[in-house]
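So the structure is just underneath, and the comments pick up after that.
Every number in this text was worked out from the coordinates using simple rules, so none of it is lab data. Worth saying up front: this structure is predicted, and the values here are computed from it rather than measured. Cβ placement follows ideal geometry from the backbone for every residue including glycine, while neighbour counts extend to all protein chains displayed.
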Amino acid sequence: MSMMRASGVKDAMTATSVPPTASLMRWVIAATLPGIATMSYFFGLGVISNVVIAAVFGVALEAAVLWLRKRPIRVTLNDSSALLTGVLLGASLPPASPWWLIGVGMIAAIVVAKQLYGGLGHNPFNPAMVGYALLLVSFPTYMTLWAPPQALIPNGLWAQIAGTLPTAQLDSLSGATPLDAFKHKGEAVLASEFWATNPLPDGTLSAWRWVALAWLAGGVLLLVKRVISWHIPIAMLGSVLLLATLFYLSDPSHFASPLFHLLTGATLFGAFFIATDPVSAATSQRGKLIYGAGIGALIIIIRTVGGYPDAVAFAVLLMNLCVPLLDLYSVPRPTGHPNTSSGERP
Amino acid sequence: MSNAYDFPGGIYPPERKQRSNRSALTEAPLPSRVILTLQQHSGQAATPCVAPGDTVKVGSVIAKREGMISSDLHASISGMVSEVNATQISIEGDGQDEWLRLPPLAWQYVEPHALLERLNDSGIVGLGGAGFPTHIKARVVERHAINTLVINAAECEPYITVDDLTLRHHANEVLEGAQIIAKLCGAQHIIIGIEDNKPEAIEALKHALSNSQPISIELKVIATRYPSGGERQLIKRLLNLNVPSGGLPADVGVLCHNPGTLLAILHAVRDGQPLVSRVVTLTGEAISQPGNRWVRLGTSVRELLEQAGLNTPELHQVIQGGPMMGTPLLTLDAPVTKLTNCLIAATIEELPPPPAESPCIRCGECESVCPVALLPQQLHWYARAQDDAKLERYHLFDCIECGACSYVCPSHIPLVVDYREAKSRLRLQRIETAKAEHAKHRFEFRQARLAREEAEKQARKEARQAQQRRPSNTIAASSEKVDLRGLRIAHAAAKASVKKAEKTLARVAQEDPKQSLDDFEMQLATAQENLKAAELQLAQAREQQSSEESS
């Protein structure tokens, strides 16, 4: 009852308070724009087509499931969460992915990972990452087709999006991401030798760095606007840097440098846009720190010891699995409770 | 502020205090009719002791306290009692405003029990909002050493300016009231905690503090932040002490009082004037003359607001208390009670209805503003799921219902409403599980009452026999030896168990004001019956012994 008025005070004076849920989502979407723009600049309009197709799929699928579930459609769509999931999955895919691939990914994300669990606020797993992981496991050829930096409208763009490009031609388009190349350099090759061979097409490394910095800029915007809290990104980046440094110092000739881990692949994108999804993350501040640190650690472990060159999706999903446990064991001690473990173990 | 410690979380809602703090504190016109509800304090409702047709003066007792946690009620205008029913007493005024005062007490010289009795007789309860009977609160010294008296003048809720205006106009008297309580409780320090958004009140206090004070008083100005006026939050901020969970400020040697209560205490002691009026903030965009008024208890809210220039078409709702923790009034015909500190006549633009709720996305904003460091997002989840075990383990009952979490929630979830519902559900469950226990206590009470009646009968019989014996001057040798020592021990034990029952009751009532007290009151009554019986038996045995000795 009284909270009616609490909200009332808030709405009359929005300047002092946190934006409502829908505008939180819209802020996140807005903050992806520098990253998406920079990626398009280096990798062509295929990036934007990914995002647009995924967003359309996201909204349409959400509306369809809501209709089937007999839930209010317009009000729910208004929270922009399906749109955001589309933007995030679209931005994660290799540029100019065929429309059906994006569609399959979005079905996994919106229908399975989100709506079947009860919709916004109830999904235990990050929907975009469920979609991404499903695609990576099911369609590895398409998912590793990351072209080197290229023109804004490369040859065959439209055919590629339409899914009509012959497979033989697809291969000719493909390049390797820096993480990919480093991963598959071979055990015998020293890091210094590898870089000396100039393994990547010109400008690849710097393109990836610019994209990473653009994601960082978007992330800083979210932090400044208090849309996300600092706990998860800082813990995650901290643990990436710490573990990468340990590996690197133990054998610089074999392991990539911490900066390489930070500035290539999806590390920064993941830290600010993926891991910070509050619904599937740990909820207490202490839990968020452990959650973020766990994701960072898993990223480095999978990248260096595991089978995948980048690992943000799997690291996030694995930590999603740990959230109930983290939530249970990271309850803060309320004021007035004695400083013993009994107060912390619910 | 330099010398303030801190509690976690907190928010900065718009203050909106300027609307009511710009005009001086004035007297509201004498109402022609008052309705005094029997329950205007925590604990049990008072029992009427007048009948329709009785004439009363201002200050006449019209209802007596019932049980231990309760309070007397006095007529707030002079005139005739027109109606007495189960919940309220109505008085038609005669316009004479004739008073019936108690004799003044010089608090510096009287015994503590006289002061306690005066607080009891004057119907003083905490005027900050909880309405806990002051004489019970003052008896805390029987169990705890009190070191510091905190004057809680933080007044952190938006809109309310009662303490602000009370201090501007009556700083000296509030401080004198504090001296009374400090003396009564043996406190060695008095600290005033006040937020820095009340410069005039702070100035008035500084001026008043230039007079010599028997017990030293320290003024601590703290930065404005909601909810620093919460008892625990203020104690943390002023003294860096953590009141234990489920405990009382007294557990860390602190007693908190609101300035209005201290002023009422002074009036009761120095002037013999019972609690018949209080200061109420009248504010909101729907009245044209906002401000603070001295209002007689029982005055109708409608009358008050109309006198303040109520614009009825603009009025959306009236809130009693502040916008964060208060409750909307269902009818304007409700009377002012001892608990009415503020009436907000709000327009719809001012306090609009909340937007539709959307799902919790676990963003954790609520956690970062919780002044108790709870996890509101998890409590929300478990409250909706009615997972009671989890609710208790996530410390639901530590929630002070300040509303900071609901205030910041981006999904507009009425979190505190959920917590209140969950709390009352859990309280009900506790009562259910305690039913068997309660039945046992009822049985014990009955046994005790019967035993006491038996003892009384016995005493009367003995007295009769003694009278018959005396003229004849013959003594029937008592065959059985009187066990005086055993009776003395039984009497002491009965006395101790009364004390214990009182202690438990006072504690429970203060720890959770919404807890049902019936069972505890029953246990206390049982102990009192036992004590009476023991007293009678002891007196009788002593009589018998002395008569044996004299023979």
Report summary line: Straight-line reach check, B:K503, cutoff 13 Å on alpha carbons, 8 or more apart in-chain or any other chain, hits among aspartates and glutamates -> B:E142, B:E511, B:E521
Requested in this report: Would you list which lysines come within 29 Å of A:K114, measuring only between C-alpha atoms, while excluding same-chain residues fewer than 8 positions from it?
Outcome: A:K70, A:K225, A:K288, B:K390
Query - Inter-chain shielding of B:36-44 (mean C-beta neighbours from other protein chains, 10 Å cut-off) - result: 0
Query raised in the report: How many angstrom separate the Cα center of the range B:309-351 from the Cα center of the range B:215-289?
Result: 22 Å
Report summary line: Within chain B, cysteines having no neighbouring cysteine beta carbon under 4.7 Å are B:C49, B:C156, B:C185, B:C256, B:C342, B:C360, B:C363, B:C370, B:C399, B:C402, B:C409
Report summary line: Checked against the positive end of the charge dipole of chain B (+1 on Cβ of Lys and Arg, -1 on Cβ of Asp and Glu, about the Cα centre), the farthest of B:I217, B:A154, B:A138 is B:A138
Query raised in the report: Which of the lysines could a cross-linker span from B:K57 if the Cα-Cα distance has to be under 26 Å and same-chain partners fewer than 8 positions apart are dropped?
Result: B:K338
Report summary line: Net charge near B:L415 (other residues with Cβ under 12 Å of its Cβ; Lys, Arg +1; Asp, Glu -1) is -4
Requested in this report: Rounded to the nearest 500, what is the 222 nm mean residue ellipticity of chain A from helices alone, with -39500 (n - 2.57) per DSSP H run of 4+ residues and division by all residues?
Outcome: -19000 deg cm²/dmol
Requested in this report: Figure the gain on full extension for B:Q545 and B:L102 (residue separation times 0.36 nm, minus the Cα-Cα span) and round it to one decimal in nm.
Outcome: 155.2 nm
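Please tell me which of these pairs span more than 20 angstrom C-alpha to C-alpha: B:K423/B:K514; B:K17/B:K514; B:K17/B:K236; B:K423/B:K500; B:K64/B:K500; B:K461/B:K532? Could you put the intermediate results ahead of the total?
Values: B:K423/B:K514 10 Å; B:K17/B:K514 29 Å; B:K17/B:K236 25 Å; B:K423/B:K500 27 Å; B:K64/B:K500 24 Å; B:K461/B:K532 17 Å.
Exceeds cut-off: B:K17/B:K514; B:K17/B:K236; B:K423/B:K500; B:K64/B:K500.
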**Report entry** Computed magnitude of the charge dipole of chain A (debye, nearest 20; Cβ of K, R +1, Cβ of D, E -1)
**Finding:** 1200 debye
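Expressed as a rounded percentage, what relative contact order does chain B have, with Cα pairs under 8 Å and six or more residues apart? Don't jump to the answer; show the numbers that get you there.
On the way: 1078 pairs, mean separation 87.1, N = 551.
It rounds to 16 percent for chain B.
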Report task. Sum -39500 (n - 2.57) across every DSSP H segment of at least 4 residues in chain B, then divide by the residue count to get the 222 nm mean residue ellipticity, nearest 500. Result -> -13000 deg cm²/dmol
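What FRET efficiency comes out for A:Y329 versus B:L450 if R0 is 60 angstrom and r is the Cβ-Cβ distance? Round to the nearest 0.05. The partial results should precede the final answer.
Values: r = 55 Å, r/R0 = 0.92.
In this case the efficiency is close to 0.60.
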Report task. Pop a pseudo-label 7 angstrom from the Cα along the beta-carbon direction at both B:A439 and B:K461 and give the gap in nm to one decimal. Result -> 3.3 nm
Query raised in the report: Expressed as an acute angle from 0 to 90° and rounded to the nearest 10, what is the orientation of the C-alpha long axis of helix B:199-209 relative to the principal long axis of chain B?
Result: 40 degrees
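Under a Cβ-only charge scheme (Lys and Arg +1, Asp and Glu -1), can you give me the dipole magnitude of the range A:17-175 about the Cα centre, in debye to the nearest 20? Spell out each step's value before the answer.
Details: 6 positive and 3 negative charges, 103 e Å.
It comes to approximately 500 debye.
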